[in-house]
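Comments concern the structure below.
The values are calculated or read from the model by the stated rules, or taken from the named source; none is laboratory data. Predicted, not measured: the structure shown is a model, and the values here were computed from it. No Cβ is skipped: glycine too gets one built from the backbone with ideal geometry, and neighbour counts run over all protein chains shown.
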Amino acid sequence: MKKIIVTGGSGFIGSNLVDFLIKKKFFVINLDKLTYSSNKYQNGLRDKKKYKLIKVDIINKKRIIEIIKKYKPKVIFNLAAETHVDRSIDDPSNFIHTNINGTFKLLESLRFLQNKKMFKEFRWKPKIKFEEGLKETINWYFQHRKFLKNISKEKYEKRLGLNE
């Protein structure tokens, strides 16, 4: 059974993706910090033969590396993010911590594994793919996510040689 990691798999979008992947016969490893917006109830209903929940902050590079080494996923979906834009106005630090620094640490974990020749050992060459078409918006949350995705994609594709 192919293994897939979903970060933020207990959020609204993530939990729907996890359910979809389980129905498609994948083993899903859900990495989630389980904060205020998590769907904790759904986690208990899933088939344990096809699903594993690991409570972890994606900023924890050491733990992320351990998990990737252990499960050797074919794909990683990064959906971990702080939500509710009104909360970002009151205190943007949590958004920067998870949405920017967390994504950075996840990508750095992949770079570390690549430098350690783990990709060759796993016979795994990850592809970083970002869906195009995010409409222009004045919403700060979407603007910074789009900016982060663009710079991350360029840096890591080049650095990891993913477009060769």
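Listed residues ILE58, ILE68; which is surrounded by 14 or more Cβ atoms within 10 Å (Cβ to Cβ), at pLDDT 85 or above and farther than 18 Å from SER10 by Cα?
Criteria check complete, one pass: ILE68.
So if I check each of PHE77, PHE95, PHE104, PHE130, which one is modelled with pLDDT under 85, of a type in the set (A, V, I, L, M, F, W, C) and crowded, with 16+ Cβ neighbours inside 10 Å?
Step by step, each of PHE77, PHE95, PHE104, PHE130 is checked, and only PHE95 is modelled with pLDDT under 85, of a type in the set (A, V, I, L, M, F, W, C) and crowded, with 16+ Cβ neighbours inside 10 Å.
Matching residues to (1) part of a loop (DSSP other than H, G, I, E, B); (2) modelled with pLDDT under 85; (3) more than 24 Å from LYS105 (Cα to Cα):
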| position | (1), (2), (3) |
| --- | --- |
| GLY9 | yes, no, no |
| GLY14 | no, no, no |
| ILE22 | no, no, yes |
| THR35 | yes, yes, no |
| SER38 | yes, yes, no |
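Kindly indicate whether any position in the stretch 23-42 is under 15 Å from VAL6 (Cβ atoms), free of Cβ contacts under 8 Å to residues at least 12 places away in the same chain and out of contact with any Pro (no Cβ under 9 Å at 6 or more places or on another chain).
yes
Among the residues of the stretch 73-104, write down those that are farther than 21 Å from SER15 by Cα and not in a helix (DSSP H, G or I).
If the condition is that a residue be farther than 21 Å from SER15 by Cα and not in a helix (DSSP H, G or I), then ASP91, PRO92 are the ones that fit.
Right, ASP57: of a type in the set (D, E, K, R), within 15 Å of the chain's Cα centre (by Cα) and not in a helix (DSSP H, G or I) or not?
Details: of a type in the set (D, E, K, R): yes; within 15 Å of the chain's Cα centre (by Cα): yes; not in a helix (DSSP H, G or I): yes.
Yes: the conditions hold for ASP57.
Please tell me if LYS52 is at pLDDT 70 or above, surrounded by 15 or more Cβ atoms within 10 Å (Cβ to Cβ) and under 26 Å from LYS25 (Cα atoms).
Numbers: at pLDDT 70 or above: yes; surrounded by 15 or more Cβ atoms within 10 Å (Cβ to Cβ): yes; under 26 Å from LYS25 (Cα atoms): yes.
Criteria met by LYS52.
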